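> Sharing a structure here in structure tokens format.
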Amino acid sequence: MRPEVWDAMAPFAFDSFGNSSGVHGVSRRAKDALEESRERIASILGASPMEIVFTSGGTESDNLALKGAVFNNSDRTGVVVGASEHEAVLEAAHFLSRLGNELTVIGVDRSGRIAVEGLIDSVTDNTAVVSVMLVNNETGAVSDVSAFSEAVHEANPGALVHSDAVQAFGCLEFTVDQLGVDLLSLTGHKFGGPKGAGLLYVREGTHLEALSHGGGQELGRRSGTHDVAGVVGLAKAMEMTAAERSRFVSEVGSLRDELEDELVSAIPDLVVNTPATDRSPHHLNVRIPGVRNETLLLRLDRAGVAASAGSACQSGAATVSHVLEAMGLSAEEARQSIRLSLGWTTTREEIDTASDTLISLVGELR
Amino acid sequence: MRALVAMSGGVDSSVAAALMRDEGHEVVGVTLKLWSGPNGEAPTAGCCTVSDAEDARRVAAQLQIPYYVLDYSEEFKGGVVDKFVNDYASGRTPNPCIECNRTVKFDQLLSRLDDFDCEVLVTGHHARSVREDGKWRLLRGADGAKDQSYVLSMLTQTELERTRFPVGDLTKSQVRSVAGGMGLRTANKPESMDICFVGQRDYRGFLADHAPDAFRAGELVDSEGNHLGDHEGIAGFTIGQRRGLGVALGEPRFVIRIEQGTSTVVVGERHELEIEGVDLEQVTWTLGVEHSGDMMAQYRAHGDPVEARLEGDHLSFAERQRAIAPGQTVAFYEGDTVLGGALISATTA
């Protein structure tokens, strides 16, 4: 978390610990902070404050977008998603399918992206919502969501377009109109904000059924006492991120590119899963033939380098990445892949250490 | 030494990790993910469940040692679960915990020690390994009632060189007391008695779900071949079984033989369970020295060894023994020392 974010949040845990839904003075101050944050956030996204729904994070936002759209729609029951979407989108979609709704999962190409033609072919008069992520969390592949939104709305204006932009806000500048989406998910902890604070952008005129019913907060779309400190932190983090974004992109992007070059030249048969173009500046997903990622991650950790691989199962073992499998890798190839993620705190020294350590471990393990 | 400790989430492996750490070794704790249910979900009952992994993780955090979960589910499926199913389908009685030791823990995991940059594998088994006269000797654990040397009887010098059993010198209550003294959350955790992939249900239910072909209907006959009834599959029977035969003959009847070829289950009286000896396969010698002649043989995990004589691959018992099934393991002892082990391929009346 950015220290300034923590500082901005702190008062709301102590002196200003009011419930933003109350009537009295303490509450009003909390409410003030909440709504002021909402305005600032809306302005950054090019949206109006009423279009911002605060949630507990990306997963809840994704769930609300898909389920909320389907549950509210009596005419349309279909969901269309790409095969490389985040589990929050895929699992929500599969759940809806188990309830009897139509589900279409569109395959992705070798770069992890869906083709707009494939998307249009899948959208029908029964499609309630389409979900296409802006930046893939495992590979960093950037998709042309504006083109998707435009094509879908033209082909079938009754279908909503949702984009999981959780990995995107930190590295891409966009407004909701530029993307043309009806729904958009963001979460604070991906750009130096707090965990547990996120939002769903809901375009005016788009109606969702709430998943959390109760006191009617967020204009009835998401009931529950607000995490005022979290929202204040989210707004602060978004502002700082927007201000530093181009520097982040160029600096972190160069570090990532250098890391990639070093690894590629030192390990000739290394395969880069992250696409070569239209990619985030901070992801690097690579496959090292002959080395099991489980072993490599353990050894990297012992050497003080943190890397990851897909998601973990309930007991903590690494699972085979569904994203890589959707891209055409075999289970074995997926198990040879690791993900290195850079952040706003990553230094050159860390890149050099990671690179040297990885190269020497690969030499030892093969 | 750098030690990889296999932590099941039980008190024995928790204390094994603690003892190694306190002796000054660099310890890395791992839990093996062995089995997921049919939909990929982790077991919530039986051994090695999600909550067991959580217990192991917490103990590792308490001991301040690094901790990882390793996925051995493919190896486990091939080496243990499939063999379990095939054994029952062919009328044998498997011991999957022994197969897990043989193929997963002390073979596949052990062979990756170098990759993990560790020198020894440590488990919480109640057994002792001692270096004497240039060799590693495997001995029964200090606690006779908890001794697990039987399930380690397939180990040879190659494995013993790179394995340590720190709790073997302690009794179970001493282990719990050490754990309690350290405030480990597993100090009073009850032992799991279930096969990890079967859980709390009957193994027949597991077989019915995972290997329906193992159930091929056939006849129940007596030792003269007289038809007594029908059954739904030999996989549901084991030598010595008395219950669930589906025949009522007044006196107790036991499964004395299972014939895979004809899918016939032969049922007889108690005395018909007695056998003279067994034929062996996959014989291993702990010290690298082949033995023959008189020795003590133990054919149950917790049973007293009996006097026996080994000639070639046939083991004769000094006194006739009852209810021994092909597929079981026999371990050879000289006093408390394990000489070797083998699988029973057939019994001889």
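The values are calculated or read from the model by the stated rules, or taken from the named source; none is laboratory data. Predicted model, so just to flag it, every value in this text is computed and none were measured. Using ideal geometry, Cβ is built from the backbone for each residue, glycine included, and neighbour counts are taken over all protein chains shown. Note: accessible area is taken over every heavy atom of the protein model, side chains too, but ligands, DNA and RNA are not part of it. Shrake-Rupley method; radii C 1.70, N 1.55, O 1.52, S 1.80 Å.
> Interface size between chain B and chain A, please: total buried accessible area, 1.4 Å probe, rounded to the nearest 100 Å². Numbers along the way, then the final one.
Values: alone 15820 and 15750 Å², together 30010 Å².
That pair hides around 1600 Å² of surface in total.
> Next question. How far apart, in nanometres, would the label points at A:GLU258 and A:HIS213 be if each is projected 7 angstrom from Cα along the Cα-to-Cβ direction?
5.7
> Calculated FRET efficiency, B:SER223 and B:ASP169, Cβ-Cβ r, R0 56 Å, to nearest 0.05? Could the numbers behind the result be given before it?
Values: r = 48 Å, r/R0 = 0.86.
Computed FRET efficiency for B:SER223 and B:ASP169: 0.70.
> Separate question: Report, in debye and to the nearest 20, how large the dipole of region B:48-162 comes out about its Cα centre when Lys and Arg carry +1 and Asp and Glu carry -1 on their Cβ. Write down the numbers at each step before the final one.
Working: 15 positive and 20 negative charges, 84 e Å.
Dipole size: approximately 400 debye.
> Which FRET efficiency, nearest 0.05, do B:GLN62 and A:ASP301 yield, Cβ-Cβ r, R0 25 Å? Don't skip to the answer; put the middle values down first.
Working: r = 19 Å, r/R0 = 0.76.
The computed FRET efficiency comes out at 0.85.
> Among the listed pairs B:LYS77/B:LYS135; B:LYS135/B:LYS189; B:LYS105/B:LYS189; B:LYS33/B:LYS189; A:LYS31/A:LYS190, give every one whose C-alpha distance is greater than 27 Å.
Working: B:LYS77/B:LYS135 34 Å; B:LYS135/B:LYS189 36 Å; B:LYS105/B:LYS189 23 Å; B:LYS33/B:LYS189 20 Å; A:LYS31/A:LYS190 25 Å.
Pairs exceeding the cut-off: B:LYS77/B:LYS135; B:LYS135/B:LYS189.
> By how many degrees, between 0 and 90 and to the nearest 10, does the Cα long axis of helix B:50-63 differ from the longest principal axis of chain B?
30
> Let me ask you something else. Rank B:VAL167, A:VAL286, B:GLY79 by how far each Cα sits towards the positive end of the charge dipole of the protein assembly as shown (+1 on Lys, Arg Cβ; -1 on Asp, Glu Cβ) and give me just the farthest.
B:VAL167
> Highest mean first, how do A:130-136, A:284-290, A:188-194 rank when packing is the count of other Cβ atoms within 10 Å averaged over residues? Please list the in-between numbers first.
On the way: A:130-136: 28.0, A:284-290: 19.4, A:188-194: 25.0.
The packing order, highest mean first, is A:130-136, A:188-194, A:284-290.
> Based on DSSP H runs of at least 4 residues, each adding -39500 (n - 2.57), what is the mean residue ellipticity at 222 nm of the protein assembly as shown after dividing by all its residues, to the nearest 500 deg cm²/dmol?
Computed mean residue ellipticity for the protein assembly as shown: -9000 deg cm²/dmol.
> Could you check the spin-label model distance between B:ASP213 and A:GLU36? Points 7 Å from the Cα along Cα→Cβ, value in nm.
That separation, rounded to one decimal, is 7.2 nm.
> How would you order A:118-129, B:149-160 from highest to lowest mean count of nearby Cβ atoms within 10 Å?
Result, highest mean first: B:149-160, A:118-129.
> Residue by residue through B:58-69, how many Cβ atoms from other chains fall within 10 Å of the Cβ on average? Can you show the working numbers first?
Values: counts 0, 0, 0, 0, 0, 0, 0, 0, 3, 1, 9, 8.
Average neighbour count from other chains, rounded to a whole number: 2.
> Moving on. Which residue, chosen from A:ILE114, A:VAL142, A:GLY198, occupies the Cα position most advanced towards the positive end of the dipole of region A:90-214, where the dipole is computed from +1 (Lys, Arg) and -1 (Asp, Glu) charges on Cβ about the Cα centre?
The Cα lying farthest towards the positive end belongs to A:GLY198.
> For a paramagnetic label modelled at 7 Å from the Cα of A:SER146 toward its Cβ, which residues of region A:19-55 fall within the zone defined by backbone nitrogen distances under 15 Å?
Under 15 Å, as judged by backbone N against the label point of A:SER146, lie A:46 of region A:19-55.
> When you look at the Cβ of every residue in A:295-308, what mean number of other chain Cβ atoms sits within 10 Å?
On the way: counts 6, 1, 1, 10, 3, 0, 3, 8, 1, 0, 0, 0, 0, 0.
Going residue by residue through A:295-308 and averaging, the value is 2.
> Taking 22 Å as R0, compute the FRET efficiency from the Cβ-Cβ separation of B:GLU132 and B:HIS302 and round it to 0.05. Display every interim value, and only then the final one.
On the way: r = 26 Å, r/R0 = 1.20.
Between B:GLU132 and B:HIS302 the formula returns 0.25.
> If you don't mind, another one. Net charge around B:LEU280, counting only other residues with Cβ within less than 11 Å of its Cβ (Lys, Arg = +1; Asp, Glu = -1)? Each step should come with its number before you reach the end.
Details: positive: none; negative: B:ASP279, B:GLU281, B:GLU311, B:ASP313.
Net charge in that neighbourhood comes out at -4.
> Which GluC sites (Glu not before Pro) in region B:246-319 pass both tests, a DSSP loop state and at most 11 other beta-carbon atoms within 10 Å? Kindly include the intermediate steps, with their values, before the conclusion.
Details: sites: B:GLU259, B:GLU269, B:GLU272, B:GLU274, B:GLU276, B:GLU281, B:GLU290, B:GLU307, B:GLU311, B:GLU319; in loops: B:GLU269, B:GLU290.
Filter output for region B:246-319: B:GLU290.
> Which aspartates and glutamates does B:LYS83 reach when only Cα atoms under 12 Å apart count, and residues fewer than 8 places away in its own chain are ignored?
B:GLU75, B:GLU99
> Still on this structure: Using only Cα atoms, find the angle between the long axis of helix B:11-22 and the longest principal axis of chain B, and express it within 0 to 90 degrees, rounded to the nearest 10.
The angle comes out near 30 degrees.
> Classify region A:76-164 as rounded, prolate or oblate from the Cα gyration tensor: take a ≥ b ≥ c as the square roots of its eigenvalues, call it rounded if a/c is under 1.5, otherwise prolate when a/b beats b/c and oblate if not. Please list the in-between numbers first.
Numbers: a/c = 1.89, a/b = 1.17, b/c = 1.61.
Oblate, because a/c is 1.5 or more while a/b does not exceed b/c.
> Another question, then. Please list, in order, the residues from region B:100-125 whose amide nitrogen is less than 11 Å from a point placed 7 Å along the Cα→Cβ vector of B:THR158.
What the label zone holds, given the 11 Å backbone N cut-off, is B:107-108, B:111.
> Right, here's the next one. Fully extended, how many nm does the chain gain between B:ARG322 and B:SER177 (0.36 nm per residue separation, minus their Cα-Cα distance)? Before the final figure, lay out each step's value.
Values: separation 145, 0.36 × 145 = 52.20 nm, distance 3.83 nm.
Extra length available between B:ARG322 and B:SER177 comes to 48.4 nm.
> For region B:174-326, what class follows from the C-alpha gyration tensor (a ≥ b ≥ c being the square roots of its eigenvalues): rounded when a/c is under 1.5, otherwise prolate if a/b is larger than b/c, else oblate? Numbers along the way, then the final one.
Details: a/c = 2.13, a/b = 1.26, b/c = 1.70.
Since a/c reaches 1.5 but b/c is at least a/b, the shape of region B:174-326 is classed as oblate.
> Can you give me the relative contact order of chain A as a percent, contacts being Cα pairs under 8 Å and 6 or more apart? Before the final figure, lay out each step's value.
Details: 722 pairs, mean separation 69.1, N = 366.
Relative contact order comes out at 19 percent.
> Using +1 at the Cβ of each Lys and Arg and -1 at the Cβ of each Asp and Glu in the protein assembly as shown, identify which of B:LEU207, A:LEU96, B:GLY303 lies farthest towards the dipole's positive end.
Going by the charge dipole, the pick is B:GLY303.
> Give me the percent relative contact order of region A:189-335, please, defined on Cα pairs under 8 angstrom at least 6 residues apart. Walk me through the numbers before you get to the answer.
Details: 125 pairs, mean separation 19.0, N = 147.
With pairs under 8 Å counted, the relative contact order is 13 percent.
> Modelled label-to-label distance, A:ASP278 and A:PHE17, 7 Å Cα→beta-carbon offset: nm?
Roughly 4.9 nm, to one decimal.
> Need the C-alpha centroid separation for region B:225-239 versus region A:43-121, integer Å.
Their Cα centres are 55 Å away from one another.
> In the protein assembly as shown, carbon and sulfur make up what percent of the accessible area (probe 1.4 Å)? Don't skip to the answer; put the middle values down first.
Values: 14240 of 30010 Å².
So the carbon and sulfur contribution to the accessible surface is 47 percent.
> Rounded, prolate or oblate: which one fits region A:252-366, using the alpha carbon gyration tensor with axes a ≥ b ≥ c (rounded when a/c is under 1.5, else prolate when a/b beats b/c, else oblate)? Walk me through the numbers before you get to the answer.
On the way: a/c = 1.36, a/b = 1.21, b/c = 1.12.
Since a/c stays below 1.5, the shape of region A:252-366 is classed as rounded.
> Also, I was wondering about something else. Can you work out the Karplus-derived ³J(HN,Hα) for every residue in region B:70-81? Use 6.51 cos²θ - 1.76 cosθ + 1.60 with θ = phi - 60°, whole Hz, and x for glycine or proline.
Karplus-based 3J(HN,Hα) across region B:70-81 equals 10, 8, 10, 5, 5, 4, 5, 4, x, x, 10, 5 Hz.
> Excluding ligands, DNA and RNA, what is the solvent-accessible area per residue of the protein assembly as shown at a probe of 1.4 Å, expressed in Å²?
Numbers: 30010 Å² over 715 residues.
With the other protein chains kept in place, the protein assembly as shown gives 42 Å² per residue.
> If we sort A:18-26, B:207-215 on the protection proxy, mean other Cβ atoms within 10 Å, highest first, what's the order? Could you put the intermediate results ahead of the total?
Working: A:18-26: 13.9, B:207-215: 15.7.
By packing density, highest mean first, the sequence is B:207-215, A:18-26.
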